[in-house]
Amino acid sequence: MKVIAFNGSPRVKGNTSQSIQIVLDELEKEGIETEMIQLGGRKVFGCLACGKCRETKDNRCARKDDDMNTFIQKIEEADGIIIGSPTYFSNVSTEVKALIDRCGYVSKSNGGALLKGKVGTSVVAARRAGATFTYSAINFFFGIAEMIICSSNYWNLTLSRDPGDVQNDNEGIQTFQTLGQNMAKLLKQVR
């Protein structure tokens, strides 16, 4: 089994990345292969709504001027997907939104098999507020894609501003550890 995690923050070693790593550590303890992909700060574009993916039906986006098809291929090969995002004005980062829109459109245009039945979970970092909207945006994507959404004992978020602040958020750390344990158990049940 393999889980792909997308760090939607441009801060490569920021709180979103560190939070995702806490989840990945728990998955690795259970023998699940993991990979984190740096999405935030990458040159990715939004969906053009061109509809070409409905014509080609090859599980790829017609746009070839960024790395989105590489990310879609990684998702195709994974059993589980983690999307992590910082909270930007009560929503996901622009890079995460591009991933959601384009991957979602490609999946729906190809019968949904790209995402259907995979386990998905969100990881969110916020300075103070708005995190539940970010959490919801990611989980709404998983829901409409017919994925199995994994949860923890609280919403999967940390309140932390400066890089490394998540290490002082004991409740956030415990939430992410529980999330990793729950995701490992769920993956073993559905795969």
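The values are calculated or read from the model by the stated rules, or taken from the named source; none is laboratory data. Quantities reported herein were computed from a predicted structural model and do not represent experimental measurements. Note that each Cβ is placed from the backbone with ideal geometry, even for glycine, and that neighbours are counted across all protein chains shown. What goes into the accessible areas is simple: the full protein's heavy atoms, side chains included, and nothing from ligands, DNA or RNA. Shrake-Rupley method; radii C 1.70, N 1.55, O 1.52, S 1.80 Å.
Which of the residues spanning the range 73-116 are of a type in the set (Val, Ile, Thr) and either in contact with a strand residue (DSSP E or B) (Cβ under 7 Å, 6 or more places away or on another chain) or under 20 Å from residue 27 (Cα atoms) (or both)? 75, 81, 82, 83, 87, 92, 96, listed by residue number. For beta carbons closer than 6 Å, sequence separation of 6+ or different chains, a first residue in the range 57-70 that is exposed (fewer than 13 other Cβ atoms within 10 Å of the Cβ) and a second that is not small (Gly, Ala, Ser), the qualifying pairs are 57/110. What are the residue pairs meeting all of these: first residue in the range 71-95, first residue in contact (Cβ under 8 Å) with a residue 12 or more places away in the chain and farther than 11 Å from residue 125 by Cα, second residue assigned to a strand (DSSP E or B) and of a type in the set (D, E, K, R), Cβ atoms under 7 Å, and 6 or more apart or on different chains? Partner pairs satisfying both residue conditions: 77/2; 78/2; 79/2. Filtering the range 144-162 to residues that are outside any strand (DSSP E or B) and open to solvent by 80 Å² or more (accessible area, probe 1.4 Å) leaves 144, 146, 153, 154, 155, 161. Taking the range 175-191 as the range and being surrounded by fewer than 21 Cβ atoms within 10 Å (Cβ to Cβ) and in contact with a strand residue (DSSP E or B) (Cβ under 7 Å, 6 or more places away or on another chain) as the test, the residues that pass are 186, 190. Go through the range 66-83 and give me each residue that's part of a helix (DSSP H, G or I), over 13 Å from residue 107 (Cα atoms) and among the β-branched types (Val, Ile, Thr). Passing the criteria: only 70.
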